[in-house]
Amino acid sequence: MTRLGTAIAAIGLMTLAACDGGAAGQTEAAPPDVDAQISSAAAAAASGQDAAAATAAPAYASIYPGAEVEQPAVSAAGADGPGGMVTFATDADPEAVVAFYRDQAEQGGLSSLTALSQGETRAYSAAGDDGAAVQVVAAPDGEGRTSVQLTWSAGR
């Protein structure tokens, strides 16, 4: 299966888990080296080096610090409030990216729904009672970087 196929399959599984409201998937602790990457990423985000304001995303869906946005964010409004999607690339590994978003979601009051791994691809989703949600799929891009697709809903 290609990396794109893997990412699409992961998004499909996260969508199914979110639809039934259950806590599908597995939750795994981040290894110590990932914790260090999260700490430095969180420090960069706290210093204003993220692009949350530029994408109108809530703090739990800010662009990973130091990442390069590949295409402008797509925004929309719906029953669960404003939301959007953005793709970007980073030098961080997929596990560190997902661990960063898990930490951001928990700080934002969201509950974890899924944490999936297939090969080197990692996916994560979280949601709140008000319709707020975040989903992230991170996979190696074959050029030494990680390609990330991030979607969010700000909630009602």
* **Sequence-distant residues sharing a close amide H with Gly155 (under 5 Å, placed H)** => Ala132, Ala133
* If you plug each phi of the stretch 98-108 into the Karplus form 6.51 cos²θ - 1.76 cosθ + 1.60 with θ = phi - 60°, what whole-Hz ³J(HN,Hα) values come out, in order, with x for Gly and Pro? -> 5, 4, 4, 5, 4, 5, 4, 4, 5, 5, x
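How would you order 148-155, 108-115, 66-73 from highest to lowest mean count of nearby Cβ atoms within 10 Å? Could you put the intermediate results ahead of the total?
Working: 148-155: 23.2, 108-115: 18.2, 66-73: 14.5.
Per-residue mean Cβ counts within 10 Å order the peptides as 148-155, 108-115, 66-73.
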* To do: Of the options Val86, Ser75, Gly131, report the single residue whose Cα projects farthest towards the positive end of the charge dipole of the stretch 64-156 (beta-carbon charges: Lys, Arg +1; Asp, Glu -1).
  => Gly131
* When the label point is put 7 Å from the Cα of Ala79 along its Cα-to-beta-carbon vector, which residues of the stretch 139-154 have a backbone N closer than 17 Å? -> 153-154
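Laboratory data are not the source of any read-out in this text; all were calculated from the coordinates shown. Nothing here was measured: the structure is a model prediction, and the numbers come from that model. Don't worry about glycine lacking a Cβ; one is built from the backbone with ideal geometry, like all the others, and counts go over all protein chains shown.
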